Every structure is written in structure tokens, then in C-alpha cells.
Amino acid sequence: MELESIIMELVVNSGEARNNALEAIEAAQKQNYELAETKMNECEAALSKAHAFQTKLLSQEAGGESQTPISLILIHGQDHLMNAMTVRDLARYMIQMCHLIYEKGNSN
């Protein structure tokens, strides 16, 4: 697989993961925790795909198979992955917060 194709897979899957995490937060705000869980599962699946492409690049370079040239598009791909991972982590906390807020509101 060409470097550009690998990077594009990294970007596409990371973007999908980020979008799913944001949709999970929106669902939790509407107290639709089943949808929130589904979206978080989809987020994890997309992140797993993105991470596999990143690992492929790292493994090739570490194994001496190729020297990955640093390019703006590669940095862009890495940025998308890190951003998606951060949004995923924050989404987990925000969903928990929604649970607590609505739980406390309903107990009064």
C-alpha cells in the first residue's frame, strides 16, 4: 500500500472516530445512552482501524523496511489520530457526567 493511501486511511478513520464520539456526547445529552454506547463502540472501531495504519507505518520504519518521509500530510494524519483519541477520552467523561447530572436531577 502506498504511503499516501495509508495516510488517507489514517485521516478518514480518525475523522470518523471523532465524529462518532461527538455524536455519542449529543446522544447522552438527550439521555439516549443506548445510542451513546453504540456511537462510542463505532468510535473505538474506527480508532482501531486508524491505529492499525499508524502501526503499519511505524513497524515498517522500525524494521528498516522504509524510511517514512516527513510530510505535511503525514503530520496532518497524526494530528487527526491524536485529536480523535482526545475527543474519545473526553466523550467518555462527558457521558458519565450526563448520567450523574440527570440521575441527580431525577432524584430530587
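Numbers at a glance
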{"item": "Scan of segment 85-98 for residues that are open to solvent by 80 Å² or more (accessible area, probe 1.4 Å) and not polar (S, T, N, Q), ordered by number", "result": "90, 92, 93, 94, 97"}
{"item": "Subset of segment 17-31 (residues that are open to solvent by 70 Å² or more (accessible area, probe 1.4 Å) and either touching a residue at least 60 places away in the same chain (Cβ under 8 Å) or more than 16 Å from residue 90 (Cα to Cα) (or both))", "result": "18, 29, 30, 31"}
{"item": "Evaluation of residue 7 against (1) of a type in the set (Val, Ile, Thr); (2) farther than 19 Å from residue 89 by Cα; (3) open to solvent by 50 Å² or more (accessible area, probe 1.4 Å) (one fails), failing number", "result": "(3)"}
{"item": "Matching residues, segment 48-90, being closer than 17 Å to residue 1 by Cα, among the acidic types (Asp, Glu) and in a helix (DSSP H, G or I)", "result": "61"}
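Residue-wise test of (1) free of Cβ contacts under 8 Å to residues at least 60 places away in the same chain; (2) open to solvent by less than 60 Å² (accessible area, probe 1.4 Å).
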site	(1), (2)
67	yes, no
83	no, no
100	yes, no
105	yes, yes
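Condition check ((1) over 18 Å from the mean Cα position of the chain (by Cα); (2) among the small types (Gly, Ala, Ser)) across all residues:
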site	(1), (2)
55	no, no
62	yes, yes
80	no, no
87	no, no
95	no, no
100	yes, no
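The values are calculated or read from the model by the stated rules, or taken from the named source; none is laboratory data. For clarity, every value in this text was computed on a predicted model and none was experimentally measured. For neighbour counting, all protein chains shown are included, and Cβ atoms are generated from backbone atoms with ideal geometry for every residue, glycine included. With ligands, DNA and RNA removed, areas are computed over all heavy atoms of the protein, side chains included. Shrake-Rupley method; radii C 1.70, N 1.55, O 1.52, S 1.80 Å.
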